[in-house]
(Lines give C-alpha, C1' and ligand atoms only; values in the text may rest on other atoms or scores of the structure.)
Protein backbone atom coordinates (compact mmCIF):
# COMPACT_ATOMS: atom_id res chain seq x y z
CA UNK A 1 0.00 0.00 0.00
CA UNK A 2 1.39 3.37 -0.97
CA UNK A 3 1.80 5.81 1.93
CA UNK A 4 -0.35 8.92 1.67
CA UNK A 5 2.54 10.89 3.09
CA UNK A 6 4.84 12.18 0.38
CA UNK A 7 8.62 12.16 0.46
CA UNK A 8 8.40 15.89 1.12
CA UNK A 9 6.95 15.42 4.60
CA UNK A 10 5.11 18.10 6.57
CA UNK A 11 2.54 18.27 9.32
CA UNK A 12 -0.06 20.83 8.30
CA UNK A 13 -2.48 22.87 10.38
CA UNK A 14 -4.75 25.84 9.96
CA UNK A 15 -3.63 29.42 9.38
CA UNK A 16 -1.18 28.21 6.77
CA UNK A 17 1.03 26.52 9.38
CA UNK A 18 3.29 23.63 8.31
CA UNK A 19 5.97 21.80 10.24
CA UNK A 20 8.81 20.08 8.41
CA UNK A 21 9.44 16.57 9.74
CA UNK A 22 12.79 14.95 10.43
CA UNK A 23 13.96 12.06 8.28
CA UNK A 24 11.61 9.13 9.05
CA UNK A 25 12.84 5.78 7.80
CA UNK A 26 9.36 4.30 8.05
CA UNK A 27 8.05 6.68 5.39
CA UNK A 28 11.07 6.78 3.11
CA UNK A 29 13.28 3.70 3.53
CA UNK A 30 15.15 4.38 0.29
CA UNK A 31 16.32 7.87 1.19
CA UNK A 32 19.78 8.56 2.59
CA UNK A 33 19.87 9.77 6.17
CA UNK A 34 20.41 13.51 6.45
CA UNK A 35 20.86 16.06 9.19
CA UNK A 36 17.69 18.10 9.51
CA UNK A 37 17.73 21.84 9.91
CA UNK A 38 15.87 21.28 13.17
CA UNK A 39 19.13 20.01 14.63
CA UNK A 40 20.52 22.16 17.39
CA UNK A 41 24.13 21.06 16.86
CA UNK A 42 26.82 23.73 17.08
CA UNK A 43 30.46 23.49 16.08
CA UNK A 44 32.95 25.64 18.01
CA UNK A 45 36.70 25.93 17.60
CA UNK A 46 39.22 27.46 19.97
CA UNK A 47 42.80 28.14 18.85
CA UNK A 48 45.66 28.47 21.34
CA UNK A 49 48.97 29.78 19.98
CA UNK A 50 52.52 28.59 20.64
CA UNK A 51 51.78 25.13 21.99
CA UNK A 52 51.27 23.72 25.48
CA UNK A 53 53.66 22.29 28.06
CA UNK A 54 52.57 18.69 27.46
CA UNK A 55 53.91 17.09 30.70
CA UNK A 56 51.52 19.32 32.67
CA UNK A 57 48.67 18.77 30.17
CA UNK A 58 48.66 15.00 29.62
CA UNK A 59 46.63 12.83 32.03
CA UNK A 60 48.74 9.92 33.29
CA UNK A 61 45.94 7.38 32.84
CA UNK A 62 43.63 6.66 29.92
CA UNK A 63 39.90 6.01 30.02
CA UNK A 64 37.71 7.65 32.64
CA UNK A 65 38.47 8.76 36.16
CA UNK A 66 41.78 10.42 35.36
CA UNK A 67 43.11 13.06 37.68
CA UNK A 68 43.36 16.46 35.96
CA UNK A 69 47.00 17.50 35.59
CA UNK A 70 47.92 21.06 36.52
CA UNK A 71 47.03 22.70 33.19
CA UNK A 72 43.68 20.88 32.94
CA UNK A 73 42.56 21.50 36.53
CA UNK A 74 40.20 24.34 35.45
CA UNK A 75 38.05 21.67 33.74
CA UNK A 76 37.49 19.67 36.95
CA UNK A 77 33.79 20.57 37.25
CA UNK A 78 33.22 19.90 33.54
CA UNK A 79 35.26 16.71 33.37
CA UNK A 80 32.28 14.48 32.56
CA UNK A 81 31.53 16.61 29.49
CA UNK A 82 35.02 16.84 28.02
CA UNK A 83 37.43 14.35 26.51
CA UNK A 84 41.17 14.80 26.23
CA UNK A 85 42.77 13.28 23.13
CA UNK A 86 46.54 12.85 23.11
CA UNK A 87 48.88 11.23 20.63
CA UNK A 88 47.17 12.67 17.51
CA UNK A 89 49.74 13.18 14.75
CA UNK A 90 49.76 15.24 11.56
CA UNK A 91 53.46 15.96 11.31
CA UNK A 92 53.73 14.70 7.73
CA UNK A 93 50.81 16.85 6.64
CA UNK A 94 52.07 20.15 8.05
CA UNK A 95 55.77 19.70 7.30
CA UNK A 96 58.13 20.57 5.69
CA UNK A 97 57.74 23.84 7.49
CA UNK A 98 60.24 26.13 5.80
CA UNK A 99 58.76 28.12 4.21
CA UNK A 100 56.61 28.87 6.14
CA UNK A 101 58.08 28.36 9.58
CA UNK A 102 56.83 25.96 12.21
CA UNK A 103 53.99 28.19 13.39
CA UNK A 104 52.83 29.16 9.91
CA UNK A 105 52.70 25.53 8.84
CA UNK A 106 50.76 24.51 11.95
CA UNK A 107 48.29 27.40 11.84
CA UNK A 108 47.77 27.02 8.11
CA UNK A 109 46.92 23.33 8.53
CA UNK A 110 45.03 23.79 11.81
CA UNK A 111 41.50 23.30 10.42
CA UNK A 112 42.40 22.33 6.84
CA UNK A 113 44.92 19.50 7.31
CA UNK A 114 46.52 20.63 4.09
CA UNK A 115 50.15 21.75 3.83
CA UNK A 116 51.14 25.35 3.18
CA UNK A 117 54.62 24.56 1.86
CA UNK A 118 54.53 24.68 -1.96
CA UNK A 119 50.76 24.81 -1.77
CA UNK A 120 49.83 28.39 -0.96
CA UNK A 121 47.04 28.67 -3.57
CA UNK A 122 45.34 25.38 -2.77
CA UNK A 123 41.74 25.50 -4.13
CA UNK A 124 40.79 22.69 -1.73
CA UNK A 125 41.88 24.41 1.47
CA UNK A 126 38.34 24.67 2.86
CA UNK A 127 38.48 24.31 6.63
CA UNK A 128 36.32 21.86 8.56
CA UNK A 129 34.22 24.62 10.13
CA UNK A 130 33.25 25.89 6.69
CA UNK A 131 32.51 22.37 5.51
CA UNK A 132 30.12 21.92 8.43
CA UNK A 133 28.62 25.38 7.94
CA UNK A 134 27.90 24.68 4.30
CA UNK A 135 26.39 21.24 4.86
CA UNK A 136 24.48 21.36 8.12
CA UNK A 137 24.67 23.62 11.10
CA UNK A 138 24.31 26.97 9.36
CA UNK A 139 20.68 26.21 8.50
CA UNK A 140 18.91 29.55 8.23
CA UNK A 141 20.98 31.24 10.93
CA UNK A 142 21.58 34.98 10.52
CA UNK A 143 25.32 34.24 10.32
CA UNK A 144 26.41 31.06 8.54
CA UNK A 145 29.60 31.21 10.58
CA UNK A 146 31.42 33.67 12.79
CA UNK A 147 35.18 34.20 13.06
CA UNK A 148 36.41 35.96 16.18
CA UNK A 149 39.89 36.66 17.47
CA UNK A 150 42.02 38.87 19.67
CA UNK A 151 44.48 41.14 17.91
CA UNK A 152 48.03 40.70 19.16
CA UNK A 153 51.51 41.45 17.99
CA UNK A 154 53.41 38.56 16.47
CA UNK A 155 56.99 37.62 15.86
CA UNK A 156 56.85 38.32 12.12
CA UNK A 157 55.08 36.26 9.47
CA UNK A 158 57.18 33.14 10.06
CA UNK A 159 58.52 33.14 6.50
CA UNK A 160 54.98 32.62 5.22
CA UNK A 161 54.04 34.18 1.88
CA UNK A 162 51.10 35.76 3.68
CA UNK A 163 50.45 36.57 7.32
CA UNK A 164 47.02 35.02 6.77
CA UNK A 165 48.62 31.64 7.45
CA UNK A 166 49.24 32.87 11.00
CA UNK A 167 46.21 35.08 11.52
CA UNK A 168 43.34 32.97 10.13
CA UNK A 169 42.22 29.40 10.79
CA UNK A 170 38.98 29.47 8.75
CA UNK A 171 39.35 29.10 4.99
CA UNK A 172 36.91 29.01 2.08
CA UNK A 173 38.82 27.23 -0.67
CA UNK A 174 42.00 29.32 -1.06
CA UNK A 175 40.61 32.42 0.68
CA UNK A 176 41.29 33.11 4.38
CA UNK A 177 38.32 34.33 6.43
CA UNK A 178 39.64 37.14 8.64
CA UNK A 179 38.74 37.34 12.31
CA UNK A 180 36.75 40.17 13.84
CA UNK A 181 39.13 41.39 16.53
CA UNK A 182 37.53 44.67 17.62
CA UNK A 183 35.00 43.96 20.43
CA UNK A 184 32.64 46.74 19.29
CA UNK A 185 32.70 45.44 15.72
CA UNK A 186 31.99 41.91 16.96
CA UNK A 187 29.07 43.22 19.01
CA UNK A 188 27.61 44.99 15.97
CA UNK A 189 28.05 41.90 13.80
CA UNK A 190 26.29 39.64 16.31
CA UNK A 191 23.45 41.93 17.34
CA UNK A 192 22.65 43.57 14.01
CA UNK A 193 18.86 44.04 13.87
CA UNK A 194 18.40 43.27 17.57
CA UNK A 195 16.54 46.20 19.17
CA UNK A 196 16.43 46.02 22.96
CA UNK A 197 13.73 47.64 25.05
CA UNK A 198 15.12 50.76 26.82
CA UNK A 199 15.77 50.33 30.52
CA UNK A 200 12.71 51.23 32.61
CA UNK A 201 10.37 51.36 29.62
CA UNK A 202 6.93 49.73 29.78
CA UNK A 203 6.26 47.21 27.02
CA UNK A 204 3.53 48.31 24.64
CA UNK A 205 1.07 45.73 23.35
CA UNK A 206 1.07 45.43 19.58
CA UNK A 207 -2.16 43.64 18.56
CA UNK A 208 -0.67 42.36 15.30
CA UNK A 209 2.44 41.09 17.08
CA UNK A 210 0.29 39.35 19.69
CA UNK A 211 -1.76 37.72 16.93
CA UNK A 212 1.42 36.46 15.25
CA UNK A 213 2.69 35.14 18.57
CA UNK A 214 -0.62 33.36 19.21
CA UNK A 215 -0.44 31.66 15.83
CA UNK A 216 3.15 30.56 16.42
CA UNK A 217 2.46 29.26 19.92
CA UNK A 218 -0.59 27.26 18.88
CA UNK A 219 1.22 25.29 16.20
CA UNK A 220 1.32 22.08 18.21
CA UNK A 221 -2.41 22.09 18.93
CA UNK A 222 -3.19 22.66 15.25
CA UNK A 223 -1.12 19.71 14.02
CA UNK A 224 -1.66 17.23 16.89
CA UNK A 225 -4.52 15.46 15.13
CA UNK A 226 -2.46 14.77 12.01
CA UNK A 227 0.57 13.81 14.10
CA UNK A 228 -1.51 11.21 15.96
CA UNK A 229 -2.65 9.75 12.65
CA UNK A 230 0.90 9.69 11.29
CA UNK A 231 2.28 7.88 14.35
CA UNK A 232 0.10 4.85 13.53
CA UNK A 233 2.28 4.04 10.51
CA UNK A 234 5.65 4.76 12.10
CA UNK A 235 8.15 2.27 13.41
CA UNK A 236 9.44 2.35 16.98
CA UNK A 237 12.54 4.46 16.27
CA UNK A 238 10.57 6.95 14.17
CA UNK A 239 7.95 7.31 16.89
CA UNK A 240 10.74 8.37 19.21
CA UNK A 241 11.86 10.95 16.64
CA UNK A 242 8.31 12.24 16.34
CA UNK A 243 7.96 12.49 20.12
CA UNK A 244 11.22 14.42 20.29
CA UNK A 245 10.04 16.79 17.55
CA UNK A 246 6.70 17.45 19.25
CA UNK A 247 8.41 17.99 22.61
CA UNK A 248 10.83 20.45 21.03
CA UNK A 249 7.91 22.37 19.50
CA UNK A 250 6.22 22.60 22.90
CA UNK A 251 9.47 23.96 24.35
CA UNK A 252 9.67 26.42 21.47
CA UNK A 253 6.15 27.59 22.34
CA UNK A 254 7.32 28.35 25.86
CA UNK A 255 10.33 30.23 24.53
CA UNK A 256 8.12 32.28 22.20
CA UNK A 257 5.78 33.16 25.07
CA UNK A 258 8.81 34.37 27.03
CA UNK A 259 9.98 36.65 24.24
CA UNK A 260 10.06 40.30 25.10
CA UNK A 261 9.64 43.20 22.72
CA UNK A 262 13.34 43.14 21.87
CA UNK A 263 12.85 40.79 18.97
CA UNK A 264 15.73 38.63 20.13
CA UNK A 265 15.90 35.18 21.62
CA UNK A 266 14.56 33.80 24.87
CA UNK A 267 15.39 34.58 28.46
CA UNK A 268 19.03 33.50 28.09
CA UNK A 269 19.55 35.70 25.03
CA UNK A 270 20.32 39.06 26.57
CA UNK A 271 22.05 41.84 24.68
CA UNK A 272 24.68 43.55 26.84
CA UNK A 273 25.88 47.11 26.55
CA UNK A 274 28.11 47.68 23.57
CA UNK A 275 31.76 47.10 24.56
CA UNK A 276 33.97 50.12 24.91
CA UNK A 277 37.19 48.12 24.66
CA UNK A 278 39.38 48.59 21.60
CA UNK A 279 42.21 46.65 20.01
CA UNK A 280 44.60 48.55 22.29
CA UNK A 281 42.85 47.56 25.55
CA UNK A 282 44.57 45.02 27.83
CA UNK A 283 44.74 41.58 26.26
CA UNK A 284 43.10 39.70 29.13
CA UNK A 285 40.10 42.06 29.06
CA UNK A 286 39.66 41.74 25.30
CA UNK A 287 39.86 37.94 25.37
CA UNK A 288 37.29 37.84 28.16
CA UNK A 289 34.78 40.02 26.33
CA UNK A 290 35.27 38.18 23.03
CA UNK A 291 34.55 34.86 24.75
CA UNK A 292 31.46 36.43 26.35
CA UNK A 293 30.30 37.63 22.93
CA UNK A 294 30.94 34.18 21.47
CA UNK A 295 28.75 32.63 24.15
CA UNK A 296 25.99 35.16 23.49
CA UNK A 297 26.12 34.53 19.74
CA UNK A 298 25.47 30.85 20.45
CA UNK A 299 22.86 31.46 23.16
CA UNK A 300 20.93 33.78 20.84
CA UNK A 301 21.27 31.24 17.99
CA UNK A 302 22.77 33.91 15.74
CA UNK A 303 25.20 31.28 14.42
CA UNK A 304 25.92 27.61 14.92
CA UNK A 305 29.49 27.59 13.63
CA UNK A 306 32.05 29.72 15.45
CA UNK A 307 35.83 29.95 15.64
CA UNK A 308 37.87 32.04 18.03
CA UNK A 309 41.63 32.56 18.08
CA UNK A 310 43.05 33.48 21.47
CA UNK A 311 45.88 35.11 19.51
CA UNK A 312 47.65 34.68 16.19
CA UNK A 313 50.48 32.23 15.63
CA UNK A 314 53.86 33.43 17.02
CA UNK A 315 51.88 35.54 19.48
CA UNK A 316 54.00 37.92 21.53
CA UNK A 317 51.42 38.56 24.27
CA UNK A 318 53.20 39.42 27.50
CA UNK A 319 51.73 37.32 30.32
CA UNK A 320 53.42 39.37 33.01
CA UNK A 321 49.89 40.26 34.16
CA UNK A 322 49.51 36.79 35.69
CA UNK A 323 50.30 36.96 39.43
CA UNK A 324 51.96 33.55 39.18
CA UNK A 325 54.42 34.97 36.62
CA UNK A 326 54.82 38.66 37.43
CA UNK A 327 57.79 39.19 35.09
CA UNK A 328 58.12 39.58 31.33
CA UNK A 329 56.79 36.50 29.55
CA UNK A 330 56.43 37.05 25.79
CA UNK A 331 54.54 33.96 24.68
CA UNK A 332 56.44 33.00 21.53
CA UNK A 333 59.79 33.75 23.11
CA UNK A 334 58.97 31.71 26.22
CA UNK A 335 57.59 28.84 24.14
CA UNK A 336 61.13 28.29 22.84
CA UNK A 337 61.98 27.22 26.36
CA UNK A 338 65.30 25.43 25.67
CA UNK A 339 64.34 23.29 28.69
CA UNK A 340 64.85 26.28 30.98
CA UNK A 341 63.06 25.72 34.30
CA UNK A 342 62.07 29.40 34.42
CA UNK A 343 60.51 29.26 30.94
CA UNK A 344 58.76 25.96 31.60
CA UNK A 345 57.21 27.38 34.76
CA UNK A 346 55.89 30.34 32.77
CA UNK A 347 54.52 28.05 30.07
CA UNK A 348 52.60 25.90 32.52
CA UNK A 349 51.04 29.03 34.06
CA UNK A 350 50.12 30.42 30.64
CA UNK A 351 48.55 27.11 29.64
CA UNK A 352 46.54 26.85 32.85
CA UNK A 353 45.25 30.42 32.45
CA UNK A 354 44.18 29.73 28.86
CA UNK A 355 42.31 26.62 29.96
CA UNK A 356 40.58 28.62 32.68
CA UNK A 357 39.28 31.08 30.07
CA UNK A 358 37.97 28.22 27.93
CA UNK A 359 36.41 26.52 30.96
CA UNK A 360 34.62 29.77 31.84
CA UNK A 361 33.25 29.94 28.29
CA UNK A 362 32.11 26.31 28.31
CA UNK A 363 30.45 26.80 31.69
CA UNK A 364 28.26 29.54 30.19
CA UNK A 365 27.13 27.06 27.54
CA UNK A 366 26.55 24.39 30.16
CA UNK A 367 24.34 26.77 32.14
CA UNK A 368 22.13 27.47 29.10
CA UNK A 369 19.15 25.15 28.62
CA UNK A 370 18.70 24.00 25.04
CA UNK A 371 15.56 21.91 25.38
CA UNK A 372 14.92 18.19 25.71
CA UNK A 373 16.78 18.18 29.00
CA UNK A 374 20.03 19.14 27.27
CA UNK A 375 22.27 22.14 27.65
CA UNK A 376 23.78 24.24 24.93
CA UNK A 377 27.09 22.52 25.66
CA UNK A 378 25.49 19.09 25.22
CA UNK A 379 24.35 20.02 21.73
CA UNK A 380 27.72 21.55 20.81
CA UNK A 381 31.07 20.13 19.84
CA UNK A 382 33.89 22.42 20.96
CA UNK A 383 37.34 21.60 19.60
CA UNK A 384 40.34 23.17 21.35
CA UNK A 385 43.90 22.76 20.11
CA UNK A 386 47.11 24.60 19.27
CA UNK A 387 49.09 24.82 16.04
CA UNK A 388 51.92 22.85 17.68
CA UNK A 389 52.42 20.75 20.78
CA UNK A 390 55.91 21.52 22.04
CA UNK A 391 56.79 25.08 21.05
CA UNK A 392 60.54 24.59 21.27
CA UNK A 393 60.60 21.90 18.57
CA UNK A 394 57.49 22.93 16.57
CA UNK A 395 56.10 19.40 16.77
CA UNK A 396 52.80 18.54 15.09
CA UNK A 397 52.35 15.29 16.93
CA UNK A 398 51.01 14.44 20.38
CA UNK A 399 48.72 17.45 20.02
CA UNK A 400 46.99 19.07 23.05
CA UNK A 401 43.34 18.43 22.11
CA UNK A 402 40.31 18.96 24.32
CA UNK A 403 36.82 18.15 23.05
CA UNK A 404 33.77 19.42 24.93
CA UNK A 405 30.12 18.59 24.36
CA UNK A 406 28.96 15.58 22.40
CA UNK A 407 27.39 17.23 19.32
CA UNK A 408 23.96 16.29 20.62
CA UNK A 409 24.99 12.79 21.68
CA UNK A 410 26.81 11.86 18.47
CA UNK A 411 30.29 11.50 20.00
CA UNK A 412 31.53 9.84 23.19
CA UNK A 413 32.77 13.00 24.83
CA UNK A 414 32.13 11.79 28.34
CA UNK A 415 35.17 12.31 30.51
CA UNK A 416 37.35 9.81 28.63
CA UNK A 417 41.05 10.36 28.01
CA UNK A 418 41.74 8.87 24.59
CA UNK A 419 45.49 8.26 24.63
CA UNK A 420 47.18 7.10 21.43
CA UNK A 421 50.71 7.10 22.75
CA UNK A 422 50.97 5.18 26.04
CA UNK A 423 54.51 6.17 26.96
CA UNK A 424 54.62 8.87 29.63
CA UNK A 425 58.19 10.00 29.16
CA UNK A 426 58.53 13.41 27.54
CA UNK A 427 58.91 14.46 24.86
CA UNK A 428 56.67 11.67 23.67
CA UNK A 429 57.62 10.25 20.28
CA UNK A 430 55.72 10.14 17.05
CA UNK A 431 52.96 7.61 16.52
CA UNK A 432 52.75 7.91 12.73
CA UNK A 433 51.72 7.80 10.04
CA UNK A 434 55.03 8.17 8.25
CA UNK A 435 56.53 7.44 4.88
CA UNK A 436 59.22 4.83 4.27
CA UNK A 437 61.78 7.59 3.88
CA UNK A 438 60.83 9.19 7.17
CA UNK A 439 60.48 5.94 9.07
CA UNK A 440 64.13 5.18 8.34
CA UNK A 441 65.03 8.22 10.43
CA UNK A 442 63.02 7.09 13.46
CA UNK A 443 64.59 5.16 16.36
CA UNK A 444 62.73 1.92 15.57
CA UNK A 445 63.82 -1.17 17.43
CA UNK A 446 63.01 -3.50 20.32
CA UNK A 447 63.03 -0.65 22.85
CA UNK A 448 60.94 1.69 20.73
CA UNK A 449 57.17 2.02 21.26
CA UNK A 450 56.87 2.57 17.50
CA UNK A 451 56.94 -0.13 14.87
CA UNK A 452 57.05 0.29 11.14
CA UNK A 453 53.72 -0.76 9.57
CA UNK A 454 53.72 -3.95 7.52
CA UNK A 455 52.71 -3.99 3.88
CA UNK A 456 48.98 -3.43 3.54
CA UNK A 457 48.55 -2.19 7.10
CA UNK A 458 47.48 1.27 8.13
CA UNK A 459 50.33 3.31 9.59
CA UNK A 460 50.56 3.02 13.35
CA UNK A 461 48.80 5.66 15.37
CA UNK A 462 46.01 8.13 14.70
CA UNK A 463 46.34 10.89 12.12
CA UNK A 464 44.40 14.09 12.71
CA UNK A 465 42.30 13.30 9.63
CA UNK A 466 40.56 10.46 11.50
CA UNK A 467 39.54 12.86 14.25
CA UNK A 468 38.27 15.34 11.67
CA UNK A 469 36.26 12.60 9.93
CA UNK A 470 34.78 11.71 13.34
CA UNK A 471 33.65 15.31 13.80
CA UNK A 472 32.20 15.48 10.28
CA UNK A 473 30.32 12.23 10.79
CA UNK A 474 28.91 13.55 14.09
CA UNK A 475 27.30 16.35 12.05
CA UNK A 476 25.80 13.91 9.57
CA UNK A 477 28.45 14.40 6.88
CA UNK A 478 29.42 10.97 5.60
CA UNK A 479 32.91 11.86 4.31
CA UNK A 480 35.57 9.27 5.10
CA UNK A 481 38.61 11.45 4.40
CA UNK A 482 39.63 15.00 5.16
CA UNK A 483 42.64 17.00 4.08
CA UNK A 484 45.84 15.16 3.30
CA UNK A 485 46.26 12.46 5.88
CA UNK A 486 46.58 9.02 4.38
CA UNK A 487 44.09 7.51 6.85
CA UNK A 488 40.38 7.02 6.28
CA UNK A 489 37.30 6.68 8.47
CA UNK A 490 36.53 8.00 11.94
CA UNK A 491 38.06 7.05 15.27
CA UNK A 492 35.73 4.15 15.99
CA UNK A 493 35.87 4.34 19.79
CA UNK A 494 34.85 8.00 19.67
CA UNK A 495 31.66 7.35 17.71
CA UNK A 496 28.31 6.60 19.35
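The values are calculated or read from the model by the stated rules, or taken from the named source; none is laboratory data. No experiment lies behind these values; they were computed from the predicted model shown. Cβ sites come from the backbone with ideal geometry, for glycine too, and all protein chains shown count toward neighbours.
Exactly one of these conditions fails for residue 342: (1) over 23 Å from residue 166 (Cβ atoms); (2) surrounded by 18 or more Cβ atoms within 10 Å (Cβ to Cβ). Give me its number.
Every listed condition holds for residue 342 apart from (2).
Residue 380: surrounded by 22 or more Cβ atoms within 10 Å (Cβ to Cβ) and in the same structural domain as residue 51 (by TED's automatic domain parsing), yes or no?
So residue 380 passes the test.
Quick check on residue 313: is it surrounded by 22 or more Cβ atoms within 10 Å (Cβ to Cβ), part of a loop (DSSP other than H, G, I, E, B) and touching a strand residue (DSSP E or B) at 6+ places or on another chain (Cβ under 8 Å)?
Yes; evaluated as a whole, the condition is true for this residue.
Does residue 123 satisfy the criteria of being in a loop (DSSP other than H, G, I, E, B), buried (at least 17 other Cβ atoms within 10 Å of the Cβ) and at negative phi?
no
State yes or no: is residue 333 touching a residue at least 40 places away in the same chain (Cβ under 8 Å), assigned by TED's automatic domain parsing to the domain that holds residue 127 and surrounded by fewer than 19 Cβ atoms within 10 Å (Cβ to Cβ)?
Yes: the conditions hold for residue 333.
Let's see how each residue does on (1) part of a strand (DSSP E or B); (2) in contact with a helix residue (DSSP H, G or I) (Cβ under 9 Å, 6 or more places away or on another chain); (3) in contact (Cβ under 8 Å) with a residue 40 or more places away in the chain:
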| site | (1), (2), (3) |
| --- | --- |
| 287 | no, yes, yes |
| 301 | no, no, yes |
| 320 | no, no, no |
| 345 | no, no, no |
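Of all residues in the stretch 45-66, which are in a loop (DSSP other than H, G, I, E, B) and farther than 26 Å from residue 337 by Cα? Show your work before the answer.
The initial filter retains those residues of the stretch 45-66 that are in a loop (DSSP other than H, G, I, E, B), namely 49-53, 57-62, 64-66.
Scanning the stretch 45-66 gives 61, 62, 64, 65, 66.
Given the condition within 18 Å of the chain's Cα centre (by Cα), more than 22 Å from residue 62 (Cα to Cα) and assigned to a loop (DSSP other than H, G, I, E, B), answer yes or no: does some residue in the stretch 357-365 qualify?
So far as the stretch 357-365 goes, no, none of its residues is within 18 Å of the chain's Cα centre (by Cα), more than 22 Å from residue 62 (Cα to Cα) and assigned to a loop (DSSP other than H, G, I, E, B).
Every residue in the stretch 128-158 that is farther than 23 Å from residue 48 by Cα and surrounded by 23 or more Cβ atoms within 10 Å (Cβ to Cβ), please.
Scanning the stretch 128-158 gives a single hit, 137.
With the requirement that a residue be crowded, with 21+ Cβ neighbours inside 10 Å, without any contact (Cβ under 8 Å) to a residue 60 or more places away in the chain and closer than 30 Å to residue 408 by Cα, what does the stretch 70-120 give you?
108
Looking at the structure I just gave you, is residue 415 under 30 Å from residue 243 (Cα atoms) and surrounded by fewer than 21 Cβ atoms within 10 Å (Cβ to Cβ)?
Yes, satisfied.
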